[in-house]
Amino acid sequence: MGLVLVLMALTALPASARGEPGLPQPSPTHGPHPDAHPDPLADLAPRGLATFPDSALDDGAALDAPAPAPGPAPADGPSTSEPLLPSLSNLRTFRGLAFDTCMAPSLDTMRRWRASKYGAVGVYYGGRGRACPHQPRLGHRWMKGVQRLGWRVLPVYVGSQSPCVVERHKKGYRIGRHAWSEGVREGRDAVRRAWAVGIRPGSPLYLDMEAYKYRQKKCARATLAFVRGWDRQVRGKGYVPGFYSSADSGVAHMRAAARAGVRDLPSVIWFARWHARPRLSREPVLWRSAWSRQRRIHQYAGNVKERHGGRTLVIDRNLVHAPVARIR
């Protein structure tokens, strides 16, 4: 993600055909839904604030069943094609286009970029694995400033990475021997840092987990334990845990875990599939019932230069229908 995302060259198999490492084997399901929706960007208005048809952005009924009681996932028992996710209610959501960039731009640049088609910005506000760890502009004043300019904010936390992370520059930040407790500790840090910059409860916090070899069983178990520990801590503090990864690695892994009935999973999915049309409802890895209404972000291009208002940035491009930060 940002300047350092390397997408895995993996071929996604249908969910019914995958034997996922460290997870109960799910029962077969029907094939992918047809590619029948119109292009959601066909009539996009400036700043990504157009009214989209629900069929272009939503994947079916909202998954608003009550959250399961905390605890480890059962080793056996029936699997499910629906993720076990808590209800999302009373959230501030955004529908449209967003960009993210490694270093938080100046407020003047953000003002000039209001002439662009984007309406939300992803910011790397915390985590030891950030490519741009020093963010001199990023603080409560900056958050309040971009909100006054009309921007919505997607807060991204880049913490420890999977033990089998692909990106060479991320290998120094791999999860250690105690994955669950590390996830809990970093979830606590994510909440503390969010509060420090004015991001209040009810906001999403997106955990950035770069592409990894999730078919390696030991690695998959450690990564999932870390993510679940992080999610439980973030959710317990009143925030909404989100998850960013490449579609064919981390997102495929979370989808398999959901189908196997694993608990403490992310509430929102931010999937990277570059060199593709921006779409939310037709991602091969995520079927209609998986993270459907108001739960998806598609990062469809990365490391591209754009210039607006006389200012050039290197950005990633995203299509969003998901929660955004509450800033006070």
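The values are calculated or read from the model by the stated rules, or taken from the named source; none is laboratory data. Since the structure is predicted, the reported quantities are computational estimates derived from the model, not experimental observations. Don't worry about glycine lacking a Cβ; one is built from the backbone with ideal geometry, like all the others, and counts go over all protein chains shown. We work out accessible area using only protein heavy atoms, side chains counted, and drop any ligands, DNA or RNA first. Shrake-Rupley method; radii C 1.70, N 1.55, O 1.52, S 1.80 Å.
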Determine, yes or no, whether residue 220 is at pLDDT 95 or above, of a type outside the set (Val, Ile, Thr) and closer than 17 Å to residue 163 by Cβ.
-> yes
From the list 277, 307, 293, pick out the single residue that is more than 21 Å from residue 152 (Cα to Cα) and charged (D, E, K, R).
-> 277
Only residues that are in contact with a helix residue (DSSP H, G or I) (Cβ under 9 Å, 6 or more places away or on another chain) and either free of Cβ contacts under 8 Å to residues at least 40 places away in the same chain or open to solvent by 40 Å² or more (accessible area, probe 1.4 Å) (or both): list them for the stretch 311-328, please.
-> 311, 328
Which one is farthest from residue 288 (Cα to Cα) among residues in the stretch 220-229 that are open to solvent by 10 Å² or more (accessible area, probe 1.4 Å) and not aliphatic (A, V, I, L, M)?
-> 221
Quick check: anything in the stretch 137-150 more than 26 Å from residue 318 (Cα to Cα), open to solvent by less than 30 Å² (accessible area, probe 1.4 Å) and part of a loop (DSSP other than H, G, I, E, B)?
-> no
Output the residues belonging to the stretch 168-189 that are part of a helix (DSSP H, G or I), more than 12 Å from residue 234 (Cα to Cα) and not hydroxyl-bearing (Ser, Thr, Tyr).
-> 168, 169, 170, 171, 172, 179, 180, 182
Return the total of residues in the stretch 281-307 being part of a strand (DSSP E or B) and open to solvent by 40 Å² or more (accessible area, probe 1.4 Å).
-> 3
Only unsatisfied item for residue 240, checking (1) within 22 Å of residue 130 (Cα to Cα); (2) open to solvent by less than 10 Å² (accessible area, probe 1.4 Å), is (2)
Of the listed residues (232, 263, 192), the one being outside any strand (DSSP E or B), open to solvent by 10 Å² or more (accessible area, probe 1.4 Å) and without any contact (Cβ under 8 Å) to a residue 60 or more places away in the chain is 192
Residues that are open to solvent by less than 30 Å² (accessible area, probe 1.4 Å), over 14 Å from residue 316 (Cα atoms) and either under 18 Å from the mean Cα position of the chain (by Cα) or at pLDDT below 95 (or both), drawn from the stretch 97-134 = 125, 126, 127, 129
Sole residue being more than 19 Å from the chain's Cα centre (by Cα) and within 26 Å of residue 90 (Cβ to Cβ), chosen from 196, 179, 190 | 196
Within the stretch 163-184, how many residues are touching a residue at least 40 places away in the same chain (Cβ under 8 Å) and either touching a His at 6+ places or on another chain (Cβ under 9 Å) or open to solvent by 70 Å² or more (accessible area, probe 1.4 Å) (or both)?
-> 3
The correct count of residues that are outside any helix (DSSP H, G or I), touching a strand residue (DSSP E or B) at 6+ places or on another chain (Cβ under 8 Å) and either open to solvent by 10 Å² or more (accessible area, probe 1.4 Å) or of a type in the set (Gly, Ala, Ser) (or both) in the stretch 243-260 is 2
Residues in the stretch 227-274 that are under 10 Å from residue 285 (Cα atoms) and of a type outside the set (A, V, I, L, M): how many?
-> 5
